[in-house]
Ligand SMILES: [Zn+2]
């Protein structure tokens, strides 16, 4: 095979960028983009060339921020307790009396499938916990390798940038996982 840079797929990076560049995404597309981004993190970690490429590091971080925004929005939609508080308790209780059989769970779509009721929402929560945890682990492995190779190349400012921005991403991911777990726990006890 000819050596043309490396075997990392620019096409899959483009696909993830196109997907996460949208304003709104259904949950299945968010989860798909999340797994694909994790695969790209993995192949970048394994690639001697891409791991040192500043442009790809910055791209990965930007995509991570986008993805976490989508995860956060999905989680806000999944957890009834996370819907923004209404100005008064009365308005809040009114909003739960919308004509539906979902008992206060907002209706969501998973591809073509409508997700309804507590069981459906439990599945979504599990999928989101799994996705956030996987992203969290994948980022940490990438970052360790990236820091080493970037330091070797004397690009410390990027390491600092990565630390600052990724630190916030990891904090937010941990918070989201905590919220999902807490909500699951409270649902179990009720
Ligand atoms: Zn590569």
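Readers should treat all values here as calculations from the given coordinates under stated rules, not as data from a laboratory. In this text the structure is predicted, and so the values were computed from the model without any measurement. Virtual Cβ from ideal backbone geometry, glycine too; neighbours counted across all protein chains shown.
Some values worked out for this structure:
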read-out	value
Residue 11-residue 165 FRET efficiency (beta carbon distance; Förster radius 35 Å; 0.05 resolution)	0.85
Distance (nanometres) between label positions extended 7 Å along Cα→Cβ at residue 145 and residue 182	3.4 nm
Mean Cβ count within 10 Å, highest first, over the residues of peptides 167-179, 63-75	63-75, 167-179
